[in-house]
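Everything below concerns the one structure shown next.
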Protein chains: 2
Amino acid sequence: MEKKLAVVALGGNALLRGDQLGTIDEQEQNTTETLENLIFLINEGYDLVITHGNGPQVGNILMRNDAGEQLYNIAQMPLDICVADSQGGIGYMIERMFKNVLNKHGINKNVICIVTEVLVDINDPAFSDPQKRVGKIYTREQAEELGSKKGWIFKEEVKTQGGYRRVVPSPVPLDVVNKSIIQDLARKGNIVIAAGGGGVPVYIDEKNDVRPAEAVIDKDLASSLLANLIGADEFYILTDVPYIYINYKKPDQEIKEFLNYSDTLKYLNDGQFAKGSMAPKIQACLNFIKQGGHKSVITEAFKLADKKYGSKITMEYEDDRR
Amino acid sequence: MEKKLAVVALGGNALLRGDQLGTIDEQEQNTTETLENLIFLINEGYDLVITHGNGPQVGNILMRNDAGEQLYNIAQMPLDICVADSQGGIGYMIERMFKNVLNKHGINKNVICIVTEVLVDINDPAFSDPQKRVGKIYTREQAEELGSKKGWIFKEEVKTQGGYRRVVPSPVPLDVVNKSIIQDLARKGNIVIAAGGGGVPVYIDEKNDVRPAEAVIDKDLASSLLANLIGADEFYILTDVPYIYINYKKPDQEIKEFLNYSDTLKYLNDGQFAKGSMAPKIQACLNFIKQGGHKSVITEAFKLADKKYGSKITMEYEDDRR
């Protein structure tokens, strides 16, 4: 029987916690702790593809681009190059830490990182309504200047300390470049790191050329798409909460450990999950199930191996005690 | 008969010319012109692995790291992460431009970029005698402060405008992580981009852990090592000169179009090739031949397809009119 294939999306505090400075030592430490939690999947015989977020890292890359232009007049790179940079740096770090974790457990497997483009449609409505905030906070004057100089679009930061932030489109991912190679490598027992940061967003223009899209793709949606495209059996999102909750942080908050597709969709449509945080994760899990995946799991990065934790979404209710 | 396998190292003005600002438009344009020159190799039936330098790009990344710390107090990343970042950004750019060049020529092939670690020996003498200049030029006071704060080592810039630059070791590359996967992907007809910037330098410590080496690896030496490890037939270095010369820029300058191993080695030992520029390229070519490669070629990036140009080094003299 063919081994099970799992796609595991590392996000949130899996790589860098919100209260940390972002040094490489912190990132390496968190990554190692997270990857330790994946060993049980390997021991249970799963083939693995790892995806990851890049929020704090690409945020820092964008800030450094701004600072480099200001201090040294170094040309800023567009968003696609910044995302690709972050795939290289984070992917390499995960690859190296995973190899060491495997080594500690006496497991001999290759770990390989693929720089990954993800296709979007340039006519996606997201391009006329950019919503995803990226990079640093500017004053109104700076935002106006950058807007006219670079064509960037800004929104006021109302919830936080004020000022203006650049917003970019977050289009729906449609396809993953080199998906067959990713699948093939994983099916040969290599641990493949791919689609980091939701992938480098590209689109096909009218001349059939691949062009960069100045956008970012939600990493959970890109990860679940990849999971479907490579025929994964299971899809894991590792984040900062151990479970899916309904009535989250209300007096009648309830843990949902076993969920089915239709109930979860109903909770999503009822607005049970926070827009921009839990909702896209739930959507990614539902997409995976709808396209034929067997099980989606959301749990805390450091608790995956502890089978007490984690919410599992399947097509029908299915309490399989993990 | 198995197809020929070639490793092509893109360097110098293949990606970014010295007189350019470094904008992404310039890089994309140069890259496209360079890749157009590789089409004839594909048409002649070669499997291809592409490697590339990262000098200007990682230089900019280091400057941005410095600027980001100064302006926004963002933690600087170590050199290994900066090299990995550059592999992601440059590799993605080459992948996308190559796909478009192939498309224009009606060739259907995957292009895939592998983030690549290259093994060095932490006891390499280079670690006690760092020579490779990286990053920005500092004043004496700044250099002293950074030296005591970060442990960086500096050398005075005597040839240029003065000041101090950080120097890092440039150890000998010993092995390429995931070489078998790179070989296998290339042998299936995929164009593989690997070992960018000489690879992310890592070493194996006494606990058998993979550790980052704060160093940079010469990209031509890493590329020729990779070429040997994957059993390449031919090794190409694309640079800023159309030929290998002896008595370069002297009245008796002579073009050497066809060279053999022993004569070239003699020229190298006679000091015919500039240290830090042509000499490591010649060494890389000789290493490739010595380890069983059939032909090393050095020529200008934009002239590869024009068979009038290029110097070819083989074990014995061999005028095959390429």
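So if I place +1 on the C-beta of Lys and Arg and -1 on the C-beta of Asp and Glu, and nothing else carries charge, what would the dipole magnitude of the protein assembly as shown be about its Cα centre? I want it in debye, nearest 20. Before the final figure, lay out the partial values.
Values: 76 positive and 90 negative charges, 10 e Å.
That gives a dipole near 40 debye.
Once the Cα atoms of the stretch B:55-121 are picked out, what are the Rg and Dmax in Å?
Computed over the Cα atoms of the stretch B:55-121, radius of gyration and Dmax are 15.9, 49 Å.
Other chains' Cβ within 10 Å of B:290-298 residues: what's the mean? All intermediate terms of the calculation are to be shown ahead of the outcome.
Working: counts 0, 0, 0, 0, 0, 0, 0, 0, 0.
That average works out to 0.
Computing the accessible area with a 1.4 Å probe over protein heavy atoms, can you report the carbon and sulfur percentage for the stretch A:84-139?
Values: 960 of 1980 Å².
The nonpolar share, carbon plus sulfur, comes to 48 percent.
Apply 1/(1 + (r/R0)^6) to the Cβ-Cβ distance of residue A:44 and residue A:103, taking R0 = 25 Å, and write down the FRET efficiency to the nearest 0.05.
Working: r = 19 Å, r/R0 = 0.77.
Rounded to the nearest 0.05, the efficiency is 0.80.
Placing unit charges on C-beta atoms (Lys and Arg positive, Asp and Glu negative, everything else neutral), compute the dipole magnitude of the stretch A:279-322 about its Cα centre in debye, rounded to 20. Mind showing how you got there, number by number?
Numbers: 9 positive and 6 negative charges, 25 e Å.
Dipole of the stretch A:279-322, to the nearest 20 debye: 120 debye.
Under the 0.36 nm per residue contour assumption, what length would be gained going from the current alpha-carbon distance of residue A:270 and residue A:254 to full extension? Write out the running numbers ahead of the final one.
Values: separation 16, 0.36 × 16 = 5.76 nm, distance 1.51 nm.
Full extension of this stretch gives 4.2 nm more.
Could you compute how much accessible area chains A and B hide from each other, both sides summed, with a 1.4 Å probe? Nearest 100 Å² is fine. Each step should come with its number before you reach the end.
On the way: alone 15530 and 15540 Å², together 26460 Å².
Chains A and B together bury roughly 4600 Å² of accessible area.
Grab the other residues whose beta carbon is less than 11 angstrom from that of residue B:75, score K and R as +1, D and E as -1, and report the net. Walk me through the intermediate numbers first.
Values: positive: A:64; negative: A:25, A:26, B:69.
Once positives and negatives cancel, what remains is -2.
What does the charge count near residue B:3 come to, summing +1 for each Lys or Arg and -1 for each Asp or Glu among other residues with Cβ under 10 Å from its Cβ? Before the final figure, lay out each step's value.
Values: positive: B:4, B:187; negative: B:2, B:44, B:47, B:233.
Cβ neighbours under 10 Å give a net charge of -2.
Suppose only helical runs count, i.e. DSSP H with n ≥ 4. What mean residue ellipticity at 222 nm does that imply for chain B under -39500 (n - 2.57) per run, divided by all residues and rounded to the nearest 500 deg cm²/dmol? Please report the intermediate quantities before stating the final value.
Values: 9 runs with 115 residues, N = 322.
For chain B, the value works out to -11500 deg cm²/dmol.
If you build a Gaussian network model of chain B, linking Cα atoms that sit under 10 Å apart, which residue out of B:203, B:248, B:92 swings the most?
Answer for the Gaussian network model of chain B: B:248.
Net charge around residue A:165, counting only other residues with Cβ within less than 9 Å of its Cβ (Lys, Arg = +1; Asp, Glu = -1)? If you can, show how the numbers build up before the last one.
Numbers: positive: A:133, A:136, A:155, A:166; negative: A:156, A:157.
For residues surrounding residue A:165, the net value is +2.
Between A:191, A:246, A:112, where does the largest GNM mean-square fluctuation fall for chain A, given springs only between Cα atoms within less than 10 Å?
For chain A, modelled as a Gaussian network with Cα springs under 10 Å, the answer is A:246.
For the protein assembly as shown, max minus min Cα coordinate along each principal axis, in Å, sorted largest first?
Principal-axis extents of the protein assembly as shown (Cα, largest first): 89, 59, 55 Å.
If amide hydrogens are placed 1.01 Å from N in the peptide plane, which non-local residues have theirs closer than 5 Å to the one on residue B:9?
The list, which skips near neighbours in sequence, is B:51, B:236, B:237, B:238.
For peptide B:175-185, what's the mean number of Cβ atoms from other chains within 10 Å of each residue's Cβ? Before the final figure, lay out each step's value.
Details: counts 0, 0, 6, 7, 0, 2, 7, 1, 0, 3, 6.
Average neighbour count from other chains, rounded to a whole number: 3.
Taking only C-alpha pairs under 8 Å that are 6+ residues apart, what is the relative contact order of chain A in percent? The partial results should precede the final answer.
Details: 656 pairs, mean separation 68.7, N = 322.
Across chain A, relative contact order equals 21 percent.
So what are the ³J(HN,Hα) numbers for the stretch B:272-279, from phi and the Karplus equation (6.51, -1.76, 1.60; θ = phi - 60°), rounded to whole Hz, Gly and Pro as x?
Once θ is set to phi - 60°, the couplings for the stretch B:272-279 become 6, 10, 5, 4, x, 10, 6, 4 Hz.
About the Cα centre of chain B, how large is the charge dipole given +1 on each Lys and Arg Cβ and -1 on each Asp and Glu Cβ? Please answer in debye to the nearest 20. Numbers along the way, then the final one.
Working: 38 positive and 45 negative charges, 76 e Å.
The dipole magnitude comes to about 360 debye.
With only alpha-carbon atoms counted, please give the Rg and Dmax of the stretch A:52-207, in Å.
My reading of the Cα-based Rg and Dmax gives 18.4, 57 Å.
Which percent of Cα-Cα pairs in the stretch B:1-68 sits in each 5 Å bin, short to long?
Result returned by the calculation: 4, 15, 22, 19, 14, 11, 8, 4, 3, 1, 0.
Kindly report the accessible area of chain B per residue (heavy atoms of protein chains, probe 1.4 Å, no ligands, DNA or RNA), in Å².
Accessible surface, normalised per residue, equals 41 Å².
5 Å is the cut-off here: which amide hydrogens, built 1.01 Å from N in the peptide plane, fall below it relative to residue B:132, excluding neighbours closer than 5 in sequence?
B:168, B:170
Rounded to a whole number of µm²/s, how large is the Stokes-Einstein D of the stretch A:1-122 at 37 °C and 0.692 mPa s, given Rh as the Kirkwood radius over C-alpha pairs? Let's see the in-between values first.
Numbers: Rh = 16.0 Å.
Here the translational diffusion coefficient equals 205 µm²/s.
Using θ = phi - 60° and the Karplus curve 6.51 cos²θ - 1.76 cosθ + 1.60, what whole-Hz ³J(HN,Hα) does each residue of the stretch B:82-91 get, with Gly and Pro shown as x?
Residue by residue, the stretch B:82-91 yields 5, 5, 5, 3, 5, 4, x, x, 6, x Hz.
Tell me, rounded to the nearest percent, the portion of alpha carbon pairs in chain A spaced more than 34 Å apart.
22
Want the number for residue B:73 to residue B:279: 0.36 nm per residue separation, take away the alpha-carbon distance, what's left?
Values: separation 206, 0.36 × 206 = 74.16 nm, distance 4.02 nm.
Between residue B:73 and residue B:279, full extension yields an extra 70.1 nm.
Just to verify a number: FRET efficiency for residue A:121 and residue B:33, C-beta to C-beta distance, R0 = 25 Å, to 0.05?
Approximately 0.25, to the nearest 0.05.
Between residue B:158 and residue A:263, what is the label-to-label distance in nm when each label sits 7 Å out along the Cα-to-Cβ direction?
Label-label distance for residue B:158 and residue A:263, simple model: 7.7 nm.
The values are calculated or read from the model by the stated rules, or taken from the named source; none is laboratory data. These numbers come from a predicted model, not from an experiment. Because the Cβ atoms are built from the backbone with ideal geometry, glycine has one as well, and the counts that use them run over all protein chains shown. Heads up: the accessible areas ignore ligands, DNA and RNA and are worked out on the full protein's heavy atoms, side chains in. Shrake-Rupley method; radii C 1.70, N 1.55, O 1.52, S 1.80 Å.
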